[in-house]
Amino acid sequence: MKANLLPSLACLLSVSLTVGLATRPTHAAAPGGQNNVPKQVNVSRSSNIEVENWTKPEPGWLYVLDPKPDAGSPGERIWLIDPESAKVMGSIRTGVNADFALSPDGSRLYVASITEGDSSELAVIDTGQGVVIQRSTVQYREVANVLPAFSAMAVSGDGLALRILLDTPKSADADMFLLATFDTQTGEFLPNNVRLYNCGPGRFISHPTAQQFDFLCPRTNRIRLIRVDAESHELQNTDIVLPWDRRIGAAEAIEPAAGQDIAIVRGDGAVFQMSVDTHEFSDTAARPVLPNRIPPAAWPTSPDGSRIYLGYNTTYDRHYDNRFYLDYGRPPNLRPNDALANEFRVLDTHTWRKIGTIKTKMPFWSAVMTNDGKTLYAMAPQKHSILVIDTAEIHQNRILKVVERPRWLWSRPELACTHDPGISADWILRATPHCEAA
């Protein structure tokens, strides 16, 4: 299938970028426990995820999730796109409220969509052959009534665990949000779920291994440092409160490679560093830039972690500014569809000083970077376009036109064959890290 970009692509872009890091020591430990939640099963009674057309992906191709492929067709589609030729190279049909995650080596695509009620199907797709090799059922998968700013699924950097955020019926101790773990080697869900308490629809800061990850909870203005054993029993689940009012927001959080700090980019542009050893916070050279705001997303970092590309909304309504990250009427992982960024500011993550500014020709929703660090993709939903930015020149050099508004984009090209710690991105532009089979 090699047609021009389909005219029905419709949606918005947001990107969640998780960079796998070297294992760091953990110190405080909190007891875990069994969860009184129905266990995930490995049989799907009804299926709505099917590969319709497929060409074996090449490095740099994109997965695009389209929630409205055409008016007469139920469900959604995942398109496989070659961005150089702007041609569709494959199609996967899904049900509604679809989400997906890609393994670090690009060989497996994990797709979830609603079947009925609170049940979702999870399909494991061999991306080399374009075939579904396993189906499972997931209960209470977190789905949003509107488009979220990032995915609720992630594969660990070592490729051994797929974690899926669950929003379960509220229990006596208010444990609503959990993380289910799908063992990618055995094809089974582990019996234990990781408790996130009242975290809300948060996202991964880092996910280097199946046993260790850090999680951002925007709803409660907290970070959770989590370590588990091979059966997903909690060995550490440390809860750290961010030392500022939640209305200021947490637009992004990253964990530089081999570092002992987590950098939190506030919604007002200030950056603070949190020591994972002492849990103490320190400010940096990045100061607030109000009235400008950074919309919450997974803004991309360079492959070596030395640069971060933050999208700034430079024309935000000052009257609404205090409510941008504190709207009690909706979860804080969502944002208004008109809360676009107008420019990128490139910061050095060592000094937290600005390196440069990228002025784009149109507002964008969020962005993702290729694994070689040479290209930055940003979605401009109102103009139905994907902006292509040269990071060496710090300049937008072309536009991929899309008739409607694509949703998910994942970019991850050539270096995936090295099996380096995974970069997982979610929301509209996702590039395939495919290699030739050994």
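Of note:
- Residue in region 229-236 that is touching a Ser or Thr at 6+ places or on another chain (Cβ under 9 Å), closer than 21 Å to Ser275 by Cα and touching a residue at least 60 places away in the same chain (Cβ under 8 Å) present: yes
- Looking only at region 330-374, and only at residues there that are among the β-branched types (Val, Ile, Thr) and modelled with pLDDT under 90, the one that is farthest from Ala144 (Cα to Cα): Thr370
- Just one of (1) at pLDDT 90 or above; (2) surrounded by 20 or more Cβ atoms within 10 Å (Cβ to Cβ); (3) not in a loop (DSSP other than H, G, I, E, B) fails for Ser232. It is (3).
- Complete set of residues in region 241-253 that are assigned to a strand (DSSP E or B) and either surrounded by 17 or more Cβ atoms within 10 Å (Cβ to Cβ) or charged (D, E, K, R) (or both): Ala250, Ala251, Glu252, Ala253
- Entirely in region 259-307, the strands (runs of 3 or more DSSP E) that have 3 or more residues that are crowded, with 23+ Cβ neighbours inside 10 Å: 261-266
- Residue satisfying all of: in region 30-89; of a type in the set (Asp, Glu) and modelled with pLDDT under 80; farthest from Gln139 (Cα to Cα) among these: Asp70
- Taking region 101-220 as the region of interest, the strands (runs of 3 or more DSSP E) fully inside it that hold 2 or more residues being under 26 Å from Asn53 (Cα atoms) are 108-116, 119-126, 131-139, 153-155.
The values are calculated or read from the model by the stated rules, or taken from the named source; none is laboratory data. If you're wondering where the values come from, they're calculated on a predicted model, not measured in any experiment. Cβ atoms come from the backbone with ideal geometry, glycine included; neighbour counts cover every protein chain shown.
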